[in-house]
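What follows draws every value from the coordinates through simple rules; no lab data is involved. Computed from a predicted model, the values in this text were never measured in an experiment. Here the Cβ positions follow ideal geometry from the backbone for every residue, glycine too, while neighbour counts run over all protein chains shown.
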Amino acid sequence: MPVLSFHRRTMLFLSIAVLFHTGNAAAFGLMQAFDAALQNDPAYRAAIHENTAGQQFKVIGRSHLLPNLSFVYTTNQNQQDLTRDTGPASPSRQFVSETEVLSLRQPLFNLDSLARYKQGIAQTNQSDAKFSERNQELIVRIVGAYADTKHAEDQLALAVAQLNMFTEQKQINNRMFEKGEGTKTDMLETQSRYDLAEAQVIEARDNLANMRNVLATISGMEVTTLDSLSDNFRVKPMDPASFDEWKTIALEGNLEIIAQRHTVEIAREEINRQRAGHAPRIDIVASVNRQKSDNPVMVGLDALTRSVGVQVNVPLYNGGNVSAVTSQAVANHEKAKAELDAKINQVLIELRKQYNLALSSVHRIDALTKSVSSANFLVEAMQKSAQRGVRTNLDTLNAQQQLYTAKRDLAQARYNYLLSYLRLRKSAGTVGVGDLQDIASYFVASQ
C-alpha cells in the first residue's frame, strides 16, 4: 500500500482535528450570530448613521417655513476732519459709533419653502425605508453566511466520512488480496478514489475556513462551530399559496420599491421648487434698530427704531434660469419614474425566482431524501455482493461515491430552501425577526 507523504498526512490529520474540535466546542447559534451582527457588522452600522443623518431632512425642510431671527451688532472707531477752502473748520474729532439690529422674517406665502418642506419629509421617509431594507438585508446576509458556513462544515464531515469509507475499502482489498481473492486492479481503483477523496477533504477544509471568515466579518465574532441542521427537517407550507398574492404584497410592501417611490416624490417636489422661482414671495418682517452716534451730526445721540410690515418680492426676469432648471427637474422626475418601473420589474423577477425555488425545493428535498436512503442500501448491497464475487470492487466504489453525492446534494437543497424561504419574504417586504426565528428553529445545538 502506498505511503502518504508527510505533507498530505499532516493535512489529513488537521482536517480530522478540525472536525474533532468542532464537535466539542460551544455552538454558535443563528440568533446569537444575528445579535452580534446588529452590533458589529460594518455595513449595518453605516446604515444606522446614514438613517440618523436622514432624520434631519424633515427638520431642514420644516425650517424653511419657520421664522428667521437674526441679530447684528456693529461698532466702529471714527475720526472726523472738517475743512474749508481757507483752512481747517474745526479740530479733528474722534468718536465711537454702534449699531444693533434685531430682525425677524416669517414667510407667509413662499412656494419654494413649501416644496422644500414636502421634500424634506419625503427624504426622511426614503431614509427610513432604506434603513428598514438594510435591516432585512442583514437578516438575509447573516442567514446566508451562516448556512454557507454550516454547509461547508457538512461538506468537510462528508468528505472525511467518504475518506474513511475508502480507507476501510482499502483494508478490505488488502485482506482479500492476501487471501488470493482480490486483484491488484481492485487495490489501484480504491487507491485512486482514496487520493481523490483526500484532495476533497483538503479542499473542503479550505472552503470551511473561508466561510467562517465571511461569517466572522459580519458577526464580528470568532466562529468555532455552528448549530447543526435538525434531522427532523420539514418544509413549511407556502403561505400565501398563489404567486399573485405574493405579487400584491410585494408591490405594497417591498422596501426598495417604497424607497424609489419616495425618490419620485422628491423629484416631483423639486419641479414645484424650481417653478416657485416665477412666483411671488410674501413675508412678515419686523426689526428693532438701535444706533448710537451713527451719523457725524448725531454724535452722542442714540436712536431706537422699531418697525413691522409686509414685504412682497415679485421676480420679473432672471435670464431664463427658472425655465431651464424647471425643465431639468421635469426630466429628472421622468427618470425617477422610469427607475421605479425598472425596480418593480427587478423585484417581481426576484420574487418569481424565489417563489419557484421554494416550491421546487419541497419536491427536490423529498427526492434527495429518498435518494440518500436508497444509496445507503445500495452501498450495503454492493459490499456484500462484492464479497461474494457477484459485484466488482469498482461497483462498490461507485455506490459509495453515489451516497456521498446524494448526501451532499440533500444538504445543499435544504440550505437552498431556507434561503429561498427568506429571500421570498424579503422580496415581498415582509421578512423580519420572526422569520429569522423560524429559520433558527431548523437548527439544534450540537451535543
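Using a cutoff of 8 angstrom between alpha carbon atoms and counting only pairs six or more residues apart, the relative contact order for region 246-365 works out to 35 percent. Where in region 57-138 are there chymotrypsin sites (Phe, Trp or Tyr not before Pro) that are in a DSSP coil and have at most 15 other Cβ atoms within 10 angstrom of their Cβ? Listed in order of number, the matching sites amount to none. Between T167 and T52, the contour length at 0.36 nm per residue exceeds the Cα-Cα span by 35.5 nm. Between S103 and I349, the modelled labels are 5.6 nm apart [label points 7 Å from Cα along Cα→Cβ]. Dipole magnitude for the chain: about 320 debye, using +1 per Lys or Arg Cβ and -1 per Asp or Glu Cβ, origin at the Cα centre.
Summary value for region 77-232: 20 percent relative contact order, contacts being C-alpha pairs under 8 angstrom separated by 6+ residues. With neighbours defined as other Cβ atoms within 10 Å of a residue's Cβ, the residues H151, H64, H278, H363 order from fewest to most as H363, H278, H64, H151. Counting only DSSP H runs of at least 4 residues, each contributing -39500 (n - 2.57), and dividing by the residue count of the chain, the helix-based mean residue ellipticity at 222 nm comes to -24000 deg cm²/dmol. Counting every other Cβ atom within 10 Å of each residue's Cβ, I60, I266 order from fewest to most as I60, I266.
The length gained on full extension between E222 and R290, counted as 0.36 nm times the residue separation minus their Cα-Cα distance, comes to 17.6 nm. Available extension along the chain between T305 and E252 is 13.2 nm, counting 0.36 nm per residue and deducting the alpha carbon span. Looking at the square roots a ≥ b ≥ c of the eigenvalues of the Cα gyration tensor of the chain, which shape do they give, rounded for a/c under 1.5, prolate if a/b is larger than b/c, or oblate? The shape class here is prolate. How large is log10 I(q)/I(0) at q = 0.18, 0.21 Å⁻¹ when the Debye formula is applied to the Cα atoms of region 207-289, each weighted equally and without solvent? Normalising to I(0) and taking log10 leaves -0.99, -1.00. Cβ crowding within 10 Å, taken as a proxy for footprinting-reagent exposure, orders R423, R275 from fewest neighbours to most as R275, R423. Rounded to 0.05, the FRET efficiency of the F377 and E339 pair, given R0 = 45 Å and the Cβ-Cβ distance, is 0.20. Step through the table entries K130/K236; K130/K426; K58/K118; K353/K407; K150/K407; K247/K426, compare each Cα-Cα distance with 20 Å, and write down the pairs that go over it. Those over the limit are K130/K236; K353/K407. Each residue of region 257-266 is assigned a 3J(HN,Hα), and the resulting list reads 5, 4, 4, 5, 4, 5, 4, 4, 5, 4 Hz, derived from the Karplus form 6.51 cos²θ - 1.76 cosθ + 1.60 (θ = phi - 60°), x at Gly and Pro.
Backbone N atoms of region 415-445 closer than 19 Å to the 7 Å Cα→Cβ label point of M238 belong to residues 415-431. Distance between Cα centroids, region 107-137 to region 253-267: provide it in whole Å. Cα centroid of region 107-137 versus Cα centroid of region 253-267: 11 Å apart.
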